[in-house]
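Here is the structure we will look at, set down as structure tokens.
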Amino acid sequence: MNQRVIPLADERQLRQLPPVPAELVAPSGLLLDSRGRPVKDLRISVTDRCNFRCVYCMPKAVFDKDYAFLPREALLSFEEIARLARIFAAHGVSKIRLTGGEPLLRRNLERLVAQLVAIPGMEVTLTTNGVLLPKKAPALKAAGLTRLTVSLDSLDDTTFRAMNDMDVPVADVLAGIDAASAAGLGPVKINMVVKRGMNDHEIVAMARHFKGSGHILRFIEFMDVGSSNGWRMDDVVPSAEVVRRIGEAFALEPVDPNYSGEVAERWRYADGSGEIGVISSVTQAFCSTCTRARLSTEGRLYTCLFAQSGHDLRALMRGQRSDAELATVIGQIWQQRGDRYSEIRTAETAALRKIEMSYIGG
Ligand code: SAM
């Protein structure tokens, strides 16, 4: 038998109720973890399904026709998501990113956007592969979305089709970016995950294409998320190399961060034709300023992208717990947070069974 077996960290069947303390504590708007990091961002996976099978994220060998995606009733409803979002807002969250899986596959997503933008002071955005934007961009804009991020790993059709493994042409994503701009959702951030030997030959071509377009291209180091992508350190193209390669083609200057804790390091073209960003999750860990919580498709709270287990908030909500109880539980979980995975990454930790990105939300 030479079939490849990939063990997944599948804790979807485990249902451990987070304990609800007897004494309830009201949110103060500033919730710090054990390393003094506030909770400010919430990433919400609205579906574990995707219309791509990117080889480094949802490889077909695992996510095939027999893979059991979550049933509809397991997913948090929009009302449940909005309820949790309001509680997180009370704890200090001011930015929500909808993701997945492919978030635009979730039917009527714009209704959720409308509920989330109604939370005072909340900035809402989403990350998408872009192919459904020609259909969805106007409704998302009308619902109150102001900007979004599109993932695009290559401009070369052969490379791109091989990476998404669903034979989707680059033109479909470019049409999605145009549709987002036309709907008033620009400038669009474009994320390119760089994997050595797969698409690193495309770095300068991508930079050239988006230079002067008004969109902001960001290069992301290939990470050891999940357990199915066969990650090796040798596959990572360090951001410093990305900047060097682009700098050899176009003069670049560093730009100050927009705010403290910004994960992308910014560079601008010296001729004024825009900027790029690099996200060095592997070579320059930013755990010390990480303010992100993650909510999985079925309502588990994760305090790190590389977590091995989460906290079942859905069970509490469906168990008729009050907002005050949920807020107290969330407060306690965050206060105990000590995660700093990327700072302590080794070949051994990379081999641990971690939660898949499509489930926890990229
Ligand atoms: N389907 C949406 C999309 O394509 O943007 C949202 C979900 S996807 C998991 C979010 C982002 O995570 C994408 O930009 C994807 O390229 C990135 N991603 C997935 N696996 C990754 C990995 N191993 N390392 C770095 N980024 C990864």
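I'd like the FRET efficiency for Leu30 and Ala139, computed as 1/(1 + (r/R0)^6) with the beta carbon distance as r and R0 of 30 Å, rounded to 0.05. Can you show the working numbers first?
Numbers: r = 35 Å, r/R0 = 1.17.
Computed FRET efficiency for Leu30 and Ala139: 0.30.
Calculated accessible area for region 64-153 comes out at 40 Å² per residue, all protein chains present (probe 1.4 Å; ligands, DNA, RNA ignored).
With the helix formula -39500 (n - 2.57) applied to DSSP H stretches of n ≥ 4, the chain reaches a computed 222 nm mean residue ellipticity of -8000 deg cm²/dmol.
Between Arg208 and Ala182, what FRET efficiency follows from the Cβ-Cβ distance if R0 is 25 Å, with the result rounded to 0.05? The formula returns an efficiency of 0.65 here.
Cross-link list Lys60/Lys136; Lys135/Lys189; Lys189/Lys211: which exceed 21 angstrom alpha carbon to alpha carbon? Over 21 Å Cα-Cα: Lys60/Lys136.
What length, rounded to one decimal in nm, is gained on full extension from Ala74 through to Thr146, with 0.36 nm per residue of separation minus their alpha-carbon distance? Answer, rounded to one decimal: 23.0 nm. Using every Cα-Cα pair within region 105-230, state what percent have a distance larger than 16 Å. Roughly 64 percent, once rounded to a whole number. Cysteines in the chain lacking any other cysteine Cβ under 4.7 Å from their own Cβ: Cys50, Cys287, Cys290, Cys304. Taking the Cα atoms only, what angle lies between the long axis of helix 323-335 and the longest principal axis of the chain, rounded to 10 degrees? Once rounded, one gets 60 degrees. DSSP finds beta bridges in region 185-331, and of those with both partners inside it, around 55 percent are antiparallel. Take region 280-362 with all the other protein chains still there, run a 1.4 Å probe, and you get 38 Å² of accessible area per residue.
Within region 61-160, list the trypsin sites (Lys or Arg not before Pro) lying in a DSSP loop whose Cβ has at most 11 other Cβ atoms in a 10 Å radius.
Details: sites: Lys65, Arg72, Arg83, Arg86, Lys95, Arg97, Arg106, Arg107, Arg111, Lys135, Lys136, Lys141, Arg147; in loops: Lys65, Arg106, Arg107, Arg147.
Those satisfying the criteria are Lys65, Arg107.
The long axis of helix 133-143 is offset from the longest Cα principal axis of the chain by roughly 50 degrees. For the chain, find the longest principal axis of its Cα atoms and tell me its angle to the long axis of helix 78-90, 0 to 90°, nearest 10. Computed tilt is about 90 degrees.
Taking only the Cα atoms of region 32-188, the ratio Rg/Rh comes out at 0.99, with Rh defined as the Kirkwood radius. Size check on the chain: the Cα extents along the three principal axes, sorted descending, read 62, 55, 40 Å. Return, ordered by residue number, the residues of region 239-264 whose backbone nitrogen is under 15 Å from a label point located 7 Å along Cα→Cβ of Ala270. Under 15 Å, as judged by backbone N against the label point of Ala270, lie 244-255 of region 239-264.
Ignoring ligands, DNA and RNA, please state the percent of accessible area on the chain from carbon and sulfur, probe 1.4 Å. That share works out to 52 percent. All C-alpha pair distances within region 35-89, sorted into 10 Å bins from zero, spread as 18, 35, 29, 18, 1 percent across the bins. Taking amide H atoms as placed 1.01 Å from N in the peptide plane, the amide H of Lys95 lies under 5 Å from those of Leu42, Glu123, each 5 or more residues away in sequence or on another chain.
May I ask you to derive the FRET efficiency for Asn108 and Glu248 from their Cβ-Cβ distance with R0 = 35 Å, giving the value to the nearest 0.05? Don't skip to the end; give the middle numbers.
Details: r = 47 Å, r/R0 = 1.33.
Taking R0 as 35 Å, the efficiency between Asn108 and Glu248 is 0.15.
Extending 7 Å from the Cα toward the beta-carbon at both Tyr67 and Ala171 defines two label points whose distance is 2.8 nm.
The values are calculated or read from the model by the stated rules, or taken from the named source; none is laboratory data. Predicted model, so just to flag it, every value in this text is computed and none were measured. Neighbour counts are summed over all protein chains in view; Cβ atoms, including those assigned to glycine, are modelled from backbone coordinates with ideal geometry. What goes into the accessible areas is simple: the full protein's heavy atoms, side chains included, and nothing from ligands, DNA or RNA. Shrake-Rupley method; radii C 1.70, N 1.55, O 1.52, S 1.80 Å.
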